[in-house]
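The values are calculated or read from the model by the stated rules, or taken from the named source; none is laboratory data. Just so it is clear, the structure is predicted and the values come from calculations on it, not from any experiment. All Cβ positions, even for glycine, are placed from backbone atoms using ideal geometry, and neighbour counts span all protein chains on display.
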Amino acid sequence: MPRFVDRKAVVDLDLGPCECPVEPKPHENDSVQFRQFQSYVDWLAIVDAGSRGMEDYNRVRLTHRIKAWNLRDENNKPVPVTAATIADLDQATANKIHGFLNDIDSEENVELPNG
């Protein structure tokens, strides 16, 4: 479908060894799956958030781009991808995710807000 975003197109980021708070570890590495492309509506939401400041920009960007992850809680239950759980990511993980998104967006020549 030319001219339309392929919502099935994804890219994966390996976050490194599993840090889920359970033993035995449920998987070897933690990972995040992203929508490879952002739609026009996604882009508008991210631009609008950017006009309110970096905190809103970062939160909305991750909310619109993260499709799935394999992170689990202390009861070995999957942690859902929500605005609240994204907001609870530690800074190192969030920075790694943003760096990865910067790389894939620059490869696609995506115009970033305030960029």
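Per-residue answers, yes or no, for (1) at pLDDT 95 or above; (2) crowded, with 17+ Cβ neighbours inside 10 Å; (3) closer than 27 Å to Lys25 by Cβ:
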| residue | (1), (2), (3) |
| --- | --- |
| Ile46 | no, yes, no |
| Ala49 | no, yes, no |
| Leu62 | no, yes, yes |
| Arg72 | yes, yes, yes |
| Leu101 | no, yes, yes |
| Ser106 | no, no, no |
| Asn109 | no, no, no |
| Leu112 | no, no, no |
Scan of region 73-109 for residues that are over 11 Å from the mean Cα position of the chain (by Cα) and closer than 16 Å to Asp14 by Cβ, ordered by number: Ala92, Asp103, Ile104
How many of the residues in region 1-24 are touching a strand residue (DSSP E or B) at 6+ places or on another chain (Cβ under 8 Å), among the charged types (D, E, K, R) and at pLDDT 90 or above? 3
If you go through region 78-92 one residue at a time, do you hit one that is crowded, with 17+ Cβ neighbours inside 10 Å and part of a strand (DSSP E or B)? no
Residue in region 45-63 that is touching a strand residue (DSSP E or B) at 6+ places or on another chain (Cβ under 8 Å) and either without any contact (Cβ under 8 Å) to a residue 24 or more places away in the chain or not in a loop (DSSP other than H, G, I, E, B) (or both) present: no
When region 1-44 is checked residue by residue, the ones that are buried (at least 16 other Cβ atoms within 10 Å of the Cβ), among the hydrophobic types (A, V, I, L, M, F, W, C) and outside any loop (DSSP other than H, G, I, E, B) are Val11, Leu13, Leu15, Val32, Phe34, Trp43
